[in-house]
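Asks: The structure's right below; bear with me while I get my questions together.
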């Protein structure tokens, strides 16, 4: 599934569709990921899951936790853990700004999608605030009302 965004070739490998339902997205950030060769091959084969993953930022950098990459079938057994922490590649000023944002109560970094951009694996992170159950219901009602409005305008 290729799509062009501002003249850039982007191929989405996987997306965390649940994040838009569970969190209110405040800001989106693009980051690279430090990976090993077999991990990249496994990601290109679609053996990856963003569910339950999150990012942490601190003085030692930014890390992606609980990001599951199945071992590549044709690789030798290096005994790499499928859910080992992976370093996110961000500029120092971006990390410092995110540390300030994440320390604010209730904010977290959630990966939204994983994609290839010019042959490199990138992750789109979102600075989010968790939604309460009643907020989720209100959002569903708002989306349903918007859908009904679009149907009525299209039918008229």
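We did not get these values from a lab; they are worked out from the coordinates using the rules stated. All figures in this text were calculated on a predicted structure; none of them were measured in a lab.
Asks: For the chain, calculate the relative contact order in percent as a whole number, restricting contacts to Cα pairs under 8 Å that are 6 or more residues apart.
Replies: Numbers: 256 pairs, mean separation 47.9, N = 156.
For the chain, the relative contact order is 31 percent.
Asks: Once the chain is represented by equal point scatterers at the alpha-carbon sites, with solvent omitted, what log10 I(q)/I(0) does the Debye formula produce at q = 0.09, 0.17, 0.18, 0.21 Å⁻¹?
Replies: Here the Debye-derived log intensity ratios amount to -0.36, -1.06, -1.13, -1.34.
Asks: Specify the residue with the greatest mean-square fluctuation among 32, 61, 106, computed from a Gaussian network of the chain linking alpha-carbon atoms under 10 Å apart.
Replies: Checking each option, the largest mean-square fluctuation is seen for 106.
Asks: With the chain treated as a Gaussian network of Cα nodes joined by springs under 10 Å, which of 19, 45, 34 yields the largest mean-square fluctuation?
Replies: Of 19, 45, 34, the Gaussian network model singles out 45 as fluctuating most.
Asks: Could I ask something else about it? Report, in deg cm²/dmol and to the nearest 500, the calculated mean residue ellipticity at 222 nm for the chain, where each DSSP H run with n ≥ 4 adds -39500 (n - 2.57) and the sum is divided by the residue count. Present the calculation step by step, with values, prior to reporting the outcome.
Replies: On the way: 4 runs with 46 residues, N = 156.
Helix contribution divided over all residues of the chain: -9000 deg cm²/dmol.
Asks: A further question follows. Using 5 Å bins from zero, what percent of all Cα-Cα pairs in the stretch 107-156 falls into each bin?
Replies: Bin by bin from 0 Å, the calculated values are 4, 17, 11, 12, 15, 13, 14, 11, 3, 0.
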